[in-house]
Amino acid sequence: MSLKALPEKDGDTSGCGDMADKLITIFGGSGFVGRHLVRTLASQGWRVRVAVRDIRKAHFLKPAGDLGQIALVPASISDPASIAAAVEGADAVISLVGILYESRKRTFETVHEKGAELVARAAMSAGVRRLVHVSALGANANSPSSYARSKAAGERAVATAFPSATIIRPSVVFGPEDGFFNRFGSIAQKLPVLPFFTDTIPHLPGGGGPKFQPVYVGDVAAAITAAVSDPHHLGKTYELVGPRVYDMRDIMQIVNRETMRNRAIVGLPYLAAEIPARIFGFIRTLVEKIPPVSLRAPFLTPDQVALLRLGNVASGTLPGLEAFGITPTAAEVVVPTYLKRFRPIQQTKRLRLQHRNG
């Protein structure tokens, strides 16, 4: 599908169909999805302005486009002045900023709700034509997860401030630098078992744990690019998912196969996740009160356990990748290309020899 010159709707004079000299601002462009999106937009001819907290850590994005095509500007999602400066003169804005756990001042409310609202208001004030807000599959005001509730609140705030905004709800996103399959690959490399959590008896029908419908990062980037290129997507909400639903046992089987570790796959009750998550969460809260201390990302928080129990599957009530003319990419096509780094050295050597002698 070509996204370079999508047609405008009849009567629409605010489109971004001709990418020549069009400027787009991306908040969160140095993250996993962001780096793929920057490359995709640059390939379509956009001038890309990436708004980030630390410009030095985002310099790796510069080669994603031609000379001068990618610009980095300092901005904080909690600073209205820096947000306004970042969106000034932009034809389109994409908001990708999100966090998976809370720490000190970066809470779900400040980032997912208030931050999203500030971006939307600044975009409206600057006369921006298109706004794409990336939320999350499962965003729900009544969810037991604070993360999911904050995502729903952010969607409401954006829709109020910028009614024609396009809302994108991706499922768990996979790709070479993901934090999903790579995390389990690392576990397979270090531990003798691959655990998953379930509410029922493991290894029986329905005992495979929560269900997921992971979506490929390249498909997500292509959909977002289409959303800012075609006015047909104005004011709509989309659920982006992959072509297949997996339970956690399926995910572990993929990891086992591609890492060639042959670990035992063990189903555990959720208490085995909840109790350690609460203990380490309590300790983390105490330690964070010491200002100089900088903590690494937690492996699992109580809120993430609540989110995990819910799974991550499309509701089926909203359009998905097909609305952008995109055929979803299966995990089995891409995951083997990057999980192989977790294989034992002797297995990798054996495969190379087989290929050479074949």
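Charging the Cβ of each Asp and Glu at -1 and of each Lys and Arg at +1, and nothing else, the dipole of segment 73-228 about its Cα centre rounds to 200 debye. The ellipsoid equivalent to the alpha-carbon distribution of segment 234-321 has semi-axes of 30, 23, 13 angstrom, derived from the gyration tensor eigenvalues as √(5λ) and listed largest first. Scanning residues 5 or more positions from Arg53 or on other chains, those with amide H under 5 Å from its amide H are Ala75, with H placed 1.01 Å from N in the peptide plane.
Dipole check for the chain: with +1 at the C-beta of Lys and Arg, -1 at the C-beta of Asp and Glu, and the Cα centre as origin, the magnitude is about 1580 Debye.
Computed on the Cα atoms alone, the convex hull of segment 30-130 gives a volume of 97 cubic angstrom per residue.
Counting only aspartates and glutamates at least 8 places from Lys22 when in the same chain, those with an alpha carbon closer than 16 Å to its own are Glu8, Asp66, Glu88, Asp91, Asp230. In this structure, the residue pairs whose Cα-Cα separation is over 27 Å, taken from Lys211/Lys340; Lys211/Lys289; Lys151/Lys236, are Lys211/Lys289.
Remark: segment 198-258 projects, on average over all directions, an area of 5.8 nm² (convex hull of Cα atoms). When the Cα positions of Pro163, Gly325, Gly34 are compared along the charge dipole of the chain, Gly34 comes out farthest toward the positive end, with charges on each C-beta of Lys, Arg, Asp and Glu.
If you look at the Cα atoms of segment 90-150, you get an Rg and a Dmax of 12.6, 37 Å. Against the empirical curve 2.2 N^0.38 Å, the C-alpha radius of gyration of segment 164-285 lands at a ratio of 1.30. Taking the fewest neighbouring Cβ atoms within 10 Å as the starting point, the ordered list for Ile83, Ile254, Ile275 is Ile275, Ile254, Ile83. Taking amide H as placed 1.01 Å from N in the peptide plane, the amide H of Leu72 sits under 5 Å from that of Val50, each at least 5 places away or on another chain. Summarising the amide proton neighbourhood of Lys22: residues at separation of 5 or more, or on other chains, whose placed amide H is nearer than 5 Å comprise Arg47.
Just so you know, all these numbers are worked out from the coordinates, no wet-lab data involved. Remember, it's a predicted structure, so these values are computed and weren't measured experimentally. Glycine also receives a Cβ, built like all others from the backbone with ideal geometry; neighbour counts cover every protein chain displayed.
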